[in-house]
Structures are given as structure tokens and as C-alpha cells.
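This report concerns only the one structure given below.
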Amino acid sequence: MNIKITDFEDSVYTGFLKYEDENYQFVFSGETLRMIPESTEKRNDMWKFGMKEIVQGTYTWGDPPRMEQDVIIGRCNETNQKIVFLPKKGSYIAHQNSVLLIALEAYIICKYERDKIDRIAFTGPEINGIHPTSQAIEYTIVPDSFVNSGTFEVKTRDFDCTTTQKQEFTVDSKSVSVSFGVSRTMSTKNWEPPMKLSSNMLFELDATDDYRFILQLWYIAKQFIQFLCYRKDVHFSEVNLAAPCEDGKHELFAAMYVFGEKPNDIDTKTLKDGRYIKQIHIAGHEGELLSNIADNEIYLRNLPESYATGQHIDAARFVMITAAFEWEFNRLYPDGIPKSTQRLAAETEVTGKLEQLISDSKGKAKEIYKSLLKSVKRSPSLANKIEKIGNDYGEILNAFGRQLYSYNNEELDYSKMGSRLADQRNHFAHGDLDKDFIGLSLLDLIFLERIIYAIQLKICGVDDKNIQKSINELFHCNFAI
């Protein structure tokens, strides 16, 4: 059973609720919740809202009140259903006459009255590709029967064949599991297909009534799908909530909608091209990826808004992609690039001499010696890091790099690539408008995007072959792997 919420998006609904121990009537439409006090006395005093009393009977403007509540729970007049409003915490509460205006982040429509949530089911076009619905059906076609009478058989496979193993991850010390499955819906209505298959991403958790935690999981799920698609404009067409039921089952009872979703802007071309990482390539490591996202360890600021915008590189995006590489490199090599014994001995000797000179000097000379000491202890450069990745992970990356550079009659050289990227990044960062753009650095940056994904997947434990398959499909490289 799916709970549709489109009617709520397009209509105006009224009801009643309690806010700060006061009864209110509400009007809900769009992203704003309007609340009107039920008591005449409260309505008459609304002119004092946002004011402060400086002496008895005299008021002046004070700091506008902010929304502090996690949730506001109301009852809809039209449907008698419970609605859980999730306001934007910290936002200013506006008012017009006797009406409070509350900015909303999300809302939950409860078809049934249930106290706890223990599963979230995400459905969307990207999920249909990441965990293909086609794996849920089998065809039986007898050529003669199909040609002469138009008959063939279609059968759905059982749930065990289409449901992945649960993988654990942790959010705020709470254990959550993720799995993928395929739901089946049948219909006898003329205007609906007789059978509909939809892939779901399922989050299961200990039963909770913490709606803010559910919203937090929604954002983590969104970032996870964005990572797998390398773009931010991914969509959940439905987010259904379930309550615990007997025998370990789940009862669907509510639907969640988060403002900002634009289901009419689906990038069908990118989906048809298969530009996403399939679940099968990261099987067994979904939990590590989600934990990295939940803990803000993985770098995602370089994700483009859409596939189309990702094809355009400006100075800001150039710097952001190189920043993503440096962040992920430091995660992969937390102790930096290992140094030879000779290098370490030389650094120790030079450091000792410089420290003595600093101790014996004053003024400008002392500042220069300190600067020299910093240069001895400096971290590896961007060029050094790229060369290190080429040496250590060339078996995964070389095929993709050689393909890219061959299109421009160039050869893959990690040392030169690193130098070009470092120089161009510095030109952008320092505003060197008089410097010509280093043409090949654009090609280097495209390859760097693939390198970043290789590092991120490697950190999460994905094996080399599946890293190659992921990069091949995500960036449409057309290799037979």
C-alpha cells in the first residue's frame, strides 16, 4: 500500500493543534503553516508578539522570536488525519495581525494512528536504476505462441531474490540498517498498469518517535543517492514510514514530504544513460558509505547541481574538485606520504640547525629562519599527492586516464598532471588574471573526478574490480570490465 500525498501539496487544509500550551487553529498550504489562537484574549494580545515591555504598559520592538520546537502536531479537519509538522528550527516566527507564520522544513501525514517508526522506505527514479527493477521479473516466451496468438508469461521473482543483505551504519550512536528491495503493486483499474514494480531503499531502526531523527535520516539517504549519481538533483517520489508489527513485520502508516523536492525535474536522459553506481558494485559496503556520510567524513561539496552543470567548469568548481581530492587523499593517507630514511635524517639535521639560528637571531632574520623551518616541515603538495596516487593505484586508474588523454593525443603522466593542476589551482586561488589558462588542466580535472571516486570507494572497502565498474558506469567510459 502506498500513501499518496500529492493532494496535500496542491490544496489548503485546516485543523487544530497545540503550540506552547495554547490551542490554535491552523491553515496549511505550501511551505508555510498559519496558526490562529483559539482564545479571543490571545488573539487580542497578538499585537504584543515580538515586542518587549520597557515599563508597564509601554512596549518597543524586541528580537523576533525564533522557532525552538522540534515538531508541531496537528489534526486535519478535512481528513481527521494527524499531521506532524517539522518547522525550520531557529527560523524567525513572523506574524500578520493575529496569525503566526511558521516556515516548514517537512511534514508527515499519518493515515493511521501509530506511536513509533521503525522503517523508512525511499522510492525514486534513481533508486530504480541503482537497484534495477528488471531483476524482479522473469519472461517465458514461446516464439510460435507469441507470433500466432500474442501470448507469453511474465512472473515476478520472490522477495528473497530481489532483496539485498542488510548493512549496518550508525547515526548519532543509533544503529540503522540499509537494504534494497523491489515492491510489487497490482491494479485492475483501466487507467493504471496491471503491474507496477518499484525499487525501494529501506532504512530499519529501533522503533522511535523522534521525528527529527527521521528527518536526519532522510537527508543522509538523499546524500547517499546523490553520491551514487554524482549530482544533487536526485528525487524521492515517495517516502513511506512504517510502524513495528507482530512477527517482526512492518505496517505502513504514514508518508513524509520534505520541501525542496522537485519531482517534475527528473533527469531522464542521464538515467537512461546509466550514469550512476549500481548497488551490486558496492554490495556489502553500503553501511560504510552511509556512516561516512552521517559523520561528515566523505567530501560531497564538489557534487554538481545536475549532470548538465557538471559539464561546465569555472574557477570555483575547479578549486572545489581539487579540494575534494586533497580531503580524500588525507583520509587515505592520514600520516601523509611516507618519507625515506635519508629524507627524515636530512630534515632532522636541517631542523636542528634552523632552530638554533632562530634562537640566536632577532628581527627580520628570525622571521626568515622561521619561514624556512616551516618549508622544511610542510605538507606534501597537490602535485606530490597526485603522483603518489598514480604510483599506488595506477592499476585501477590507468585505463581511464589513458583513454581520456588519448582523445587529445596526449599521454597520461601523473607528475605533469599534478603540476598543471597545482599551478592552475593557484592561479584561480590567488586571482592571477594575467596568467593564461593551462589548457590541459581541464582534462586533468576530469580525470581527477574519477580519481576522487576511486579513493572514496577504496576507503569504504570496495574491491578494485568493482571500483572500476563503478567509475566506468558513473562516467560512461564504455569499457568492457
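Read-outs: derived from the displayed coordinates by stated rules, not from any lab. Since we're looking at a predicted model, the values are computed, not measured. Don't worry about glycine lacking a Cβ; one is built from the backbone with ideal geometry, like all the others, and counts go over all protein chains shown.
Kindly identify the stretch 145-204 as rounded, prolate or oblate by the Cα gyration tensor criterion: order the square roots of the eigenvalues as a ≥ b ≥ c, call it rounded if a/c is under 1.5, otherwise compare a/b with b/c, prolate if a/b is larger, else oblate. Could you put the intermediate results ahead of the total?
Details: a/c = 5.90, a/b = 2.56, b/c = 2.31.
Because a/c hits 1.5 or more and a/b exceeds b/c, the stretch 145-204 counts as prolate.
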Inset, instruction - Using only the Cα atoms of the stretch 117-294, build the gyration tensor, take square roots of its eigenvalues as a ≥ b ≥ c, and label the shape rounded, prolate or oblate: rounded if a/c is under 1.5, else prolate if a/b is larger than b/c, else oblate. - result: prolate
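Place the peptides 236-247, 215-226 in order of packing, highest mean first, counting for every residue the other Cβ atoms within 10 Å and averaging per peptide.
Values: 236-247: 17.2, 215-226: 19.3.
Those peptides, ordered most packed to least, come out 215-226, 236-247.
Over the chain, what relative contact order in percent results from Cα pairs under 8 Å that are six or more residues apart?
Numbers: 737 pairs, mean separation 60.0, N = 481.
That works out to 12 percent.
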Inset, instruction - Please give the peptides 265-276, 292-303 ranked by average Cβ packing (other Cβ atoms within 10 Å per residue), highest first, as a rough proxy for protection. - result: 292-303, 265-276
Legend entry - Estimated distance in nm for a label pair at Lys339 and Ser187, the labels positioned 7 Å out from Cα along Cα-to-Cβ: 6.7
Legend entry - Gain on full stretching of the segment that runs from Asp295 to Asp436 - 0.36 nm per residue minus C-alpha separation: 46.8 nm
Legend entry - Extension gain (nm, one decimal) between Val27 and Lys416, 0.36 nm per residue minus Cα-Cα: 133.8 nm
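Looking at the square roots a ≥ b ≥ c of the eigenvalues of the Cα gyration tensor of the chain, which shape do they give, rounded for a/c under 1.5, prolate if a/b is larger than b/c, or oblate? Walk me through the numbers on the way to the answer.
Details: a/c = 2.36, a/b = 1.25, b/c = 1.88.
Oblate is the answer for the chain, as a/c is 1.5 or above yet b/c matches or exceeds a/b.
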